[in-house]
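Report on the structure given below.
Just so it is clear, none of the values below were taken in a lab; they were calculated from the coordinates. Treat the numbers as computed from the prediction; the structure is a model and nothing was measured. For neighbour counting, all protein chains shown are included, and Cβ atoms are generated from backbone atoms with ideal geometry for every residue, glycine included.
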Amino acid sequence: MQFLFIIDPIETLKAYKDTTVSMMRAAQARGHAVSVCEQTSLAWRDGEVTAESARIVLSERDDDWYRAEQNERRTLQSFDAVLMRKDPPFDLEYVTSTWLLSAAERRGARVFNAPGAIRDHNEKLAIFEFPQFVAPTLVSRDPAQLHAFIDAQLDVVVKRLDVMGGENIFRVRAEDPNRNVIIETMALGGERSVMAQRYIPEIRDGDKRILLIDGKPVPYCLARIPKPGESRGNLAAGGRGVAQPLSPRDRQIAEGLGAALAARGLLLVGLDVIGDWLTEVNVTSPTCFREIQDQTGFDVAGMFIEALEAKVKA
């Protein structure tokens, strides 16, 4: 098969830990041809969506890990599968790319994750579909409501809806002398909606990334444990990743969401769970394959490519 991966600039990928590189290596190992393009190369003309793509051959070396063989502009439906692996931010350019990918689907392209499903699932707001797994939470732009929530919950995490990697996340206690300025800054005086969520003390044990592949949970998660003095476990914020088997509650959450998300065309989903509570549903470019694989020996990338093959053949 021929797979096209839409990626960030290839020179920015860190092969020793990058999930997309793991996917591409696994695809090549199973005999598939791998091509890459950037989001910026997507174009629509005369009813066709095309991309300037490069066929690459991958090695197992992490310092010199690929060789580009040929460049050509092709229609997206000429590939057996197109994988959207561009990292957020989920800005207007990202949304525009999903519109182009939807147009390609109408011409017969197989796109994963489905672009319409990516648009419909804000990674923070998507948890509201599954309230049985969610800690007390408020989304509002109204400072009065946000302050009332802090007063009721006493210890709260406030975060914006359009960021990643632990950016713009604040822990706010009811007695915090800076709470007013934090709410003013985060909600921009009532112009921007933010999420406030009861602080979950189990963050000390890690913000767990649980991977769903075609609705089925990978048997290990990656607990991203905050560094001392931090309440954010994100690896980008200095957290330490520790792979561990899923707990019964982790599996309950994963199985409670898996079938519904897979039915929408979300082949790969990253659930974020702190303690017993679901905090995010990541659908744009979920990661942590390599960390889990290196620490446990479980072939996450192989499981993913096997599921992708099955979808393409269906």
Shape descriptor, the stretch 157-314: equivalent ellipsoid semi-axes (Cα gyration tensor, sqrt 5λ, whole Å, largest first) stand at 31, 18, 13
If each K or R counts +1 and each D or E counts -1, the residues other than Ala254 whose Cβ falls under 11 Å of its Cβ total +2
If N is the residue count of the stretch 42-130, its Cα Rg over 2.2 N^0.38 Å rounds to 1.27
per DSSP, antiparallel bridges as share of beta bridges in the chain, % nearest 5, sits at 80
Taking a ≥ b ≥ c as the square roots of the Cα gyration tensor eigenvalues, with a/c under 1.5 meaning rounded and otherwise prolate when a/b beats b/c or oblate if not, the stretch 91-149 comes out oblate
Residue-ordered couplings for the stretch 79-95, obtained by feeding phi - 60° into the Karplus form 6.51 cos²θ - 1.76 cosθ + 1.60 and rounding to whole Hz (Gly and Pro as x), are 8, 6, 7, 10, 10, 7, 10, 6, 5, x, x, 8, 9, 4, 5, 5, 4
Using alpha carbon centers only, the stretch 63-80 is separated from the stretch 183-212 by a whole-angstrom value of 38
For the stretch 264-314 the translational diffusion coefficient, Stokes-Einstein from a Kirkwood Rh over Cα pairs at 4 °C and viscosity 1.567 mPa s, in µm²/s, is roughly 103
The chain: spread of alpha-carbon positions along the three principal axes, whole Å, largest first, is 61, 45, 36
Amide H contacts under 5 Å for Asp8, restricted to residues at least 5 apart in sequence or on another chain and with H modeled in the peptide plane, are Asp87
Output ordering of 39-51, 150-162 (per-residue mean of other Cβ within 10 Å, highest first) is 150-162, 39-51
Mean projected area, convex hull of alpha-carbon positions in the stretch 220-281, reported to one decimal in nm², is 4.6
So the angle from the long Cα axis of helix 300-313 to the longest Cα principal axis of the chain, reported in degrees to the nearest 10, equals 60
Helix-only [θ] at 222 nm, the chain, -39500 (n - 2.57) per DSSP H run of 4+, per residue, nearest 500, equals -8500 deg cm²/dmol
Loop-resident GluC sites (Glu not before Pro) in the stretch 150-204 with no more than 12 other Cβ atoms inside 10 Å, DSSP not H/G/I/E/B, are Glu175, Glu191
Surpassing 25 Å at the alpha-carbon level, of the pairs Lys17/Lys216; Lys17/Lys159; Lys17/Lys208; Lys14/Lys216, are Lys17/Lys159; Lys14/Lys216
With x for Gly and Pro, the residue-by-residue ³J(HN,Hα) of the stretch 53-59, computed from phi through the Karplus equation 6.51 cos²θ - 1.76 cosθ + 1.60 at θ = phi - 60° and given in whole Hz, is 10, 10, 6, 10, 10, 9, 10
Computed ³J(HN,Hα) along the stretch 203-217: with the Karplus parameters 6.51/-1.76/1.60, θ = phi - 60°, integer Hz and x for glycine or proline, the list is 4, 4, 8, x, 8, 7, 9, 9, 9, 10, 10, 6, x, 9, x
